[in-house]
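**Student:** Take a look at the following structure, please.
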Amino acid sequence: MPLPAYKRVVLKLSGEALAGDLGYGIDPKVIFSVANQIKEIVELGVQVAVVVGGGNIWRGLSGSSKGMDRATADYMGMLATIMNSLALQDGLEKVNVPTRVQTSIEMRQVAEPYIRRRAIRHLEKMRVVIFAAGTGNPYFSTDTTAALRAAEIEAEVILMAKNKVDGVYSADPSLDPNAQKYDKLTFLEVLNKGLGVMDSTASSLCMDNSIPLIVFNISEEGNIRRAVMGDKIGTLVKGE
C-alpha cells in the first residue's frame, strides 16, 4: 500500500465551503463529508491540524466596509470561526475521530487556549487539532493563521480547500471563460500576478518558511486523501 506523501498537514477550510449550497451558515451534509474525508487520512497515519474561516457567518472586512470599526468587525469574525470549529469538532467526533479545538481568544468553557507544545502533543497522539479564532489579532486573515500555525507546528504542507474551485486560475473562471488554470506556481508568481490565492502576509510567511500549498476543490469526495497521497490535483504553490 502506498504511503502518504505528508505526515503532518494543515487543512485550511473556508467558511463558505462549510455553507455548501446553502450559501450561508453551516450545512450538516458538508460537515459530515469533510469529517469523513479527514477520518480517511487520519487512518493513514497523517497528523491533521485544521484552520477554519468564518465567512459563512460573518466577514470582518464586509462589516468594516459598511462603517463598523475594523477591529470590532474582525473580532466578530474570529467568533464566527469558533462556531465553525465547534461544528466541525462535533462532526469529527461523531465519526469517532478524537478532536481538540484550540482558540487564540481564551474561552475555557468551550475550548482549550492555543498552546503550541500542547497542540503538537495532541497531533502526536493522532488527535485532530482545530485552530479557531484566527491569530487572536484583528487585521489578520485566517489564511495568515494557517501559514503561521503551519510554521509553528512544522507542518509539511497546507491543503487549501476551496468550494467548487479546482485550483488557481489566471482570472475568476465563473466570470471569464478564457481563464487559465495553473498546475504549478511559485509564491513570487502569486504575489506578482495578484492571483489572490491567499493574502500577501500569508504568502510571504509560506515562502519564508518553505511551506508548500496545494489549492484544490473540497466538493469532490476523496480530494483530501488524493492531496495527502501526492496525487496531482489542483494547483501546487511552492518556493523557487
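**Student:** Can you say whether Leu61 is hydrophobic (A, V, I, L, M, F, W, C), out of contact with any Gly (no Cβ under 7 Å at 6 or more places or on another chain) and modelled with pLDDT under 95, as far as the supplied structure shows? Let's see the steps before the verdict.
**Tutor:** Numbers: hydrophobic (A, V, I, L, M, F, W, C): yes; out of contact with any Gly (no Cβ under 7 Å at 6 or more places or on another chain): yes; modelled with pLDDT under 95: yes.
Answer is yes for this residue.
**Student:** Scan segment 85-111 for residues that are more than 26 Å from Pro138 (Cα to Cα), of a type in the set (A, V, I, L, M, F, W, C) and more than 19 Å from the chain's Cα centre (by Cα) and jot them down.
**Tutor:** Val95 - this is the single residue of segment 85-111 that is more than 26 Å from Pro138 (Cα to Cα), of a type in the set (A, V, I, L, M, F, W, C) and more than 19 Å from the chain's Cα centre (by Cα).
**Student:** Can you pull out every residue in segment 120-139 that is of a type in the set (A, V, I, L, M, F, W, C) and either over 17 Å from Asn209 (Cβ atoms) or within 14 Å of the chain's Cα centre (by Cα) (or both)?
**Tutor:** Leu123, Met126, Val128, Val129, Ile130, Phe131, Ala132, Ala133
**Student:** Which ranges mark the strands (runs of 3 or more DSSP E) fully within segment 133-240 that have 2 or more residues being surrounded by fewer than 16 Cβ atoms within 10 Å (Cβ to Cβ) and either in contact with a His (Cβ under 8 Å, 6 or more places away or on another chain) or in contact (Cβ under 8 Å) with a residue 40 or more places away in the chain (or both)?
**Tutor:** Passing ranges, in order: 184-186.
The values are calculated or read from the model by the stated rules, or taken from the named source; none is laboratory data. Bear in mind the structure is a predicted one, so any value in this text is a computation, not a measurement. When we count neighbours, we look across all protein chains shown, and the Cβ atoms used for this are built from the backbone with ideal geometry, even at glycine.
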